[in-house]
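Enquirer: Mind having a look at this structure? Questions to follow.
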Amino acid sequence: MSKFEIKLPKMGESVAEATLTAWLKDIGDPIEFDEPIVEIATDKVDSEVPSEKKGILIEKCFKENDVIKVGETLAIIQTDEIDINVEVEEKSIIKGKSDVEVKDISVNEVKTEPISIHEENTSSEDEISSNESSEHVSQMIEESVNKLIGSDDDMLGFLSPLVKSIIKKEAISSDELATIKGSGKDNRITKNDILDFLSTRGQKNDDSTTKKVEISKDFSEFSDEVIEMSKMGKIISNHMTDSLKISAHVQSFIEVDITNVHDWRNRVKTGFEMREGQKFTFTPIFIEAVAFALRQHPLMNISVDEDKITMKKNINIGMATALSDGNLIVPVIKNADQLNLVGMAKTVNDLANRARNNSLKPDDISGGTFTVTNVGVFGSIMGTPIINQPQVGILAFGAIRKMPSVIETEQGDYIGIRKKMILSHSYDHRVVNGALGSKFIKSVKDYLENWNIDREI
């Protein structure tokens, strides 16, 4: 028999570590090739780490919520071909005949012991009565648990053999199980969930599982609600804070007349959507303009690591995308300067859809050299975005508004209504001076204001 180490894979240039959010397998569980065994989270994406070999999980090297560096060993599996019957394993664990060694809990012999529901009495008759009652309660609980964990359509989902054995050993009732919130995938109850419940079990009232506490609706309306930050939210928070500490953030702003872009897009979008079967938004137009400006100013397409500057050959533009849970993710458009507008629109739509469906791969969010964000979608006139490390710049597009403007003609100046927006450029003043930061957004402005209204798509 041989052992194989499953390591945390590399997930992008700026991603050096990840947080272990949930184990999908328990020690002793069989693992198929390419089967996910653990969930991880970074500041950019939640993903699963699959097994590169077929075998049995024999060791977990980290616990949930641990921070793991890229390349560190997550787990060890036994890789020789072994015929494992899960159903038989479950029965053997319950009967106390399992040969599997559990790292966190040593289970040599698991028995369903009666629950002590009475204090010891000096009378032998009372002892007999108590034992009979206890055995009866234990039997009822075991039958209830067996029914619950054996149901195919039960709301608790899959329970590992180890979890089932602990449930039986501790005589956890079905009502108590229903109160346990699973932290595993698809809300699956894990070993840690059971252990957390048992650690506070004795603090609860005896009738807490049978009585419901009624809370006055009127009273609850005046109560504050405490919401715990999600794992991704915590990581994003730390990433943003670190960025402010690392980079010397400064901003430049410029007003852009996009009347021609606006009117041209409205004219061609219907034909594009009918032909391509996809929506045609302003985003691919804006990203095309940014890609053009990055070619004009390559010193904006760099990364900084302490005192080392790396000039990027490829122009890979990250696109900040808001998610339904309030978090955001930044999928990357690779080689954006080489895409035509049709290809840009399809790439933007594909990445945005997969981001909202939580189906992005690690490669989809890695390798970015510059980032854009559209704060105007939510009605903001402008914003001051935070740089996505180790990049040196990020550009925010504000809301498109009808504005009174001075229009210059050969016949003189006059006041007219134009469609305008404000660009907000945040850049790292350690390596980007004000001249370069301003020239860059001026290039974006010129590209959009000189838009060819006769352009075909």
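Enquirer: With each pseudo-label sitting 7 Å past Cα toward Cβ, what's the Asp263-Asp350 distance in nm, one decimal?
Expert: My value for the distance between the label points is 3.4 nm.
Enquirer: Sticking with this structure for a sec: Gain in length, Ala178 to Thr200, computed as 0.36 nm per residue apart minus the alpha-carbon separation, to one decimal in nm?
Expert: That works out to 6.4 nm of additional length.
Enquirer: Separate question: Find the Rg to Rh ratio for region 341-384, where Rh is the Kirkwood radius over alpha-carbon pairs and Rg uses the same atoms.
Expert: That ratio is 1.02, to two decimals.
Enquirer: Sort Ile453, Ile167 so the one with the fewest other Cβ atoms within 10 Å of its own Cβ comes first.
Expert: Ascending Cβ contact count within 10 Å gives the list Ile453, Ile167.
Enquirer: Using the number of other C-beta atoms within 10 angstrom as an exposure proxy, rank Ser405, Ser443, Ser247 with the fewest first.
Expert: Neighbour counts put them in this order, fewest first: Ser405, Ser443, Ser247.
Enquirer: Give, in whole angstrom and from largest to smallest, the semi-axes √(5λ) of the equivalent ellipsoid of region 293-387, with λ running over the eigenvalues of the Cα gyration tensor.
Expert: 22, 17, 15
Enquirer: Using a simple spin-label model with points 7 Å from Cα along the Cα→Cβ vector, what separation in nm is obtained for Ser438 and Gln78?
Expert: Here the modelled spin labels are 7.0 nm apart.
Enquirer: Restricting things to Cα coordinates, could you compute the convex hull volume per residue of region 232-449 in Å³?
Expert: Convex hull volume per residue, Cα atoms: 135 Å³.
Enquirer: Further, regarding this structure: Could you compute the FRET efficiency for Asp66 and Gln338, with r as their C-beta to C-beta distance and R0 at 41 Å, rounded to 0.05?
Expert: FRET efficiency, Asp66 to Gln338: 0.50.
Enquirer: Might you report the magnitude of the Cβ-based charge dipole of region 3-78 about its Cα centre, with Lys and Arg at +1 and Asp and Glu at -1, to the nearest 20 debye?
Expert: In total the dipole reaches around 260 debye.
Enquirer: Using a Förster distance of 56 Å, how high is the FRET efficiency between Glu35 and Glu456, based on the Cβ-Cβ distance and rounded to 0.05?
Expert: Here the calculated transfer efficiency is 0.70.
Enquirer: Label Glu276 and Ser380 with points 7 Å out from Cα along Cα→Cβ: what is the distance between them in nm?
Expert: For the pair Glu276/Ser380, the computed spacing is 2.6 nm.
Enquirer: Fewest to most neighbouring Cβ within 10 Å: what's the order for Val304, Val392?
Expert: Val304, Val392
Enquirer: Further question on the same structure: So how much slack lies between Asp242 and Lys7, counting 0.36 nm per residue of separation and subtracting their Cα-Cα distance, in nm?
Expert: Extending this stretch completely gives an extra 82.0 nm.
Enquirer: Pairs Lys313/Lys420; Lys7/Lys168; Lys63/Lys164; Lys10/Lys442: which exceed 26 Å Cα-Cα?
Expert: Lys313/Lys420; Lys7/Lys168; Lys10/Lys442
Enquirer: Based on C-alpha coordinates, I'd like the Rg and Dmax of region 3-78, in Å.
Expert: 11.6, 35
Each reported figure results from applying straightforward, stated rules to the coordinates on display, with no laboratory input. Keep in mind the model is a prediction, meaning the values are calculated, not measured. Note that we place each Cβ from the backbone using ideal geometry, even for glycine, and neighbour counts take in every protein chain shown.
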